[in-house]
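Q: Pasting in a structure now, in structure tokens, and then I'll have a few things to ask.
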4 protein chains.
Amino acid sequence: MHKVQFRVRYQETDQMGVVYHSNYFIWFEMGRAELFRDQGFPYRNFEKAGFAVPVKEVNCTYLKPALYDDLLTVETFVAKLTPVRMEFTYNIKRGAELLAQGRTFHAIVDKSGRPCNLKKKAPGLWEKLKAIETSTTKEEK
Amino acid sequence: MHKVQFRVRYQETDQMGVVYHSNYFIWFEMGRAELFRDQGFPYRNFEKAGFAVPVKEVNCTYLKPALYDDLLTVETFVAKLTPVRMEFTYNIKRGAELLAQGRTFHAIVDKSGRPCNLKKKAPGLWEKLKAIETSTTKEEK
Amino acid sequence: MHKVQFRVRYQETDQMGVVYHSNYFIWFEMGRAELFRDQGFPYRNFEKAGFAVPVKEVNCTYLKPALYDDLLTVETFVAKLTPVRMEFTYNIKRGAELLAQGRTFHAIVDKSGRPCNLKKKAPGLWEKLKAIETSTTKEEK
Amino acid sequence: MHKVQFRVRYQETDQMGVVYHSNYFIWFEMGRAELFRDQGFPYRNFEKAGFAVPVKEVNCTYLKPALYDDLLTVETFVAKLTPVRMEFTYNIKRGAELLAQGRTFHAIVDKSGRPCNLKKKAPGLWEKLKAIETSTTKEEK
């Protein structure tokens, strides 16, 4: 599990007085980015190394609204990893209070957009993520 | 079913050269807004009439990337309607080509955020949406 | 002068109940894009032809707030054109009512980011824009 | 002068491979928010206290592009303060490297949108900002 803290920006609110719902996916991406960095593989290096992990499917459930200036945490988990797919789950929290939960599904593709094998393409990253996936799953039990 | 056409904005792209995934939810909202307007109940009137339909859950599946300047269509369907919940489904298309499909789930709440009964609160809108829901379901069969 | 019409999106509002100020620059870009298209040179072709017109400076004055669902018009003018620089001015209007005015300054650069000469690089576009610049200036007098 | 550090988000990039220009104004707002917080008056308290500081005019000059994942700093200065107007200036930096400079002009208004006198409405905040304005001006000399 990985944690990042950030503040809600004024631009992220809407006229209902709460954060507009699509912004949570931007926060999930921040969570993923910091998780990759923590493993020693910042996402900017992926693209330099000739592969990318485009988003294929997402979902989010909104429990309580996030508000302007809230100090939030995004918790990110490697939910499932295969050589050609990644799945992450996320919690958005304000302190101990859970505001939203989401999941994103990613393909692993090369520069021309064709599926590629992460285990072969980046064995170091594969090992690191696989290790986290295992421990995450254990925690969930 | 309701259709709206729009062009992809430069700001909606990211450095992968395609539209950033969270923007599709903004387009879904455009589809909902035009569907409501077509029924004679623009969304801005909802808030004036003392109720709102906040987003409780969303999902989206990305099939092919949308590109800058693409002329896209969002098709919006009333997938399910109860007095206290609404569900919409969406297709994002470039011509006949399906790029993404999504679904949004909404609560119906009053000004203080408590659930309210759409059938009682806005019987005219209820009737209109219920009529579309039925016809949509028939079309899907 | 070129006109484009569009509706304010819910996501563009903030908790003050009006459009967040940075969005006007996204609308200005829409105005520029349609102006280029009208001249027969859609902006997507610029990048294919090996040059770009990055933004070097912008300003905007806000007179009256734009609101959710407003049907707005962006009017775009070629304010000044040299072989290596472009300047555009913009009006954001709700009907006849002027909501904001802005200006953007652009460099003309090649793929490696070095300044390039529009007159040589794209003489057809240069002629078209130069013709509009002149006529615009006359209208302003 | 006040400093805040943040990372560039993937969503903030565009297909030119750099940060889209309108995002800098969102960063300026983050700078203002932290400056107010440092004076003991978080911006969320302004709205609770019955006044707001809407943006009336903005400008920005872009010197070098900000890139995905860059660790940036926004430096914020109180450039000018009168009882009914505020002006801030901003530097966006990557380490010591200056990427952009901007300025925003704000009115001070009450809940009904009418101009109000900050010196009377919030004398504590007025004193604090006035003190910073002076020192900022000295530094600039």
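Q: Add +1 for every Lys or Arg and -1 for every Asp or Glu among the other residues with Cβ under 14 Å from the Cβ of B:SER112, and state the total.
A: Net local charge, B:SER112 excluded: +1.
Q: If you bin every alpha carbon distance in the stretch C:83-122 into 10 Å steps from zero, what whole percent lands in each bin?
A: For the stretch C:83-122, the binned pair fractions read 27, 33, 21, 19, 1 percent.
Q: Put a point 7 Å out from Cα along the line to Cβ at C:PRO83; what are the distances to that point in the other copies, in nm, shortest first?
A: Shortest to longest, the spacings are 5.6, 5.7, 7.5 nm.
Q: Continuing with the same structure: How far, in whole Å, is the nearest Cβ of chain B from the axis relating it by rotation to chain C, and which residue carries it?
A: Looking at chain B's Cβ atoms against the axis toward C, the nearest is B:PHE6, 4.
Q: Would you mind computing, in nm to one decimal, how far apart the modelled labels at D:LEU71 and A:LYS48 are, each placed 7 Å from Cα along Cα→Cβ?
A: The answer from the label model is 1.5 nm.
Q: Shifting gears a bit: Within 10 Å of each Cβ in C:60-68, how many Cβ atoms from other chains are there, averaged over the peptide?
A: Mean shielding count: 4.
Q: Turning to a different aspect of this structure: Cross-link candidates for C:LYS48: which aspartates and glutamates have Cα within less than 12 Å, leaving aside residues fewer than 8 places away along the same chain?
A: Within the straight-line cut-off, C:LYS48 pairs with C:ASP110.
Q: Expressed as a whole number of Å, what is the distance separating the alpha-carbon centroids of the stretch B:39-71 and the stretch C:11-88?
A: Measuring centre to centre over Cα atoms gives 24 Å.
Q: Per-residue mean of other chain beta-carbon atoms within 10 angstrom of the beta-carbon, peptide B:75-82?
A: Taking all residues of B:75-82 together, the mean is 0.
Q: Reported to two decimal places, what Rg/Rh ratio describes the protein assembly as shown when computed on Cα atoms with Rh from the Kirkwood expression?
A: 0.96
Q: Take the Cα radius of gyration of chain A and divide it by 2.2 N^0.38 Å, with N its residue count; two decimals is plenty.
A: The value comes to 1.09.
Q: Which distances, shortest first and in nm, link D:ASP69 to the matching position in the other copies, using label points set 7 Å out along Cα to C-beta?
A: Output for D:ASP69: 3.0, 3.4, 4.4 nm, nearest copy listed first.
Q: Could you tell me the calculated FRET efficiency between D:ILE26 and A:ASN117, based on Cβ-Cβ distance and R0 = 41 angstrom, to the nearest 0.05?
A: According to the calculation, E is roughly 0.60.
Q: Run through the other copies and list how far each one's label point is from that of D:LYS3, in nm with one decimal, shortest first; the point sits 7 Å from Cα along Cα-Cβ.
A: Ordered by distance, the counterparts are at 2.6, 5.1, 5.6 nm.
Q: Add -39500 (n - 2.57) for each DSSP H run of 4 or more in chain A, then divide by its residues: what number comes out at 222 nm, to the nearest 500 deg cm²/dmol?
A: Result for chain A, helices only: -9500 deg cm²/dmol.
Q: For chain C, what is the relative contact order in percent, using Cα pairs closer than 8 Å and at least 6 residues apart in sequence?
A: Value for chain C: 27 percent.
Bear in mind these aren't lab numbers, they're just calculated from the coordinates by the rules spelled out. Since this is a predicted model, take the numbers as computed values, not measurements. Reconstructed Cβ throughout: ideal geometry from the backbone, glycine too, with neighbour counts over all protein chains shown.
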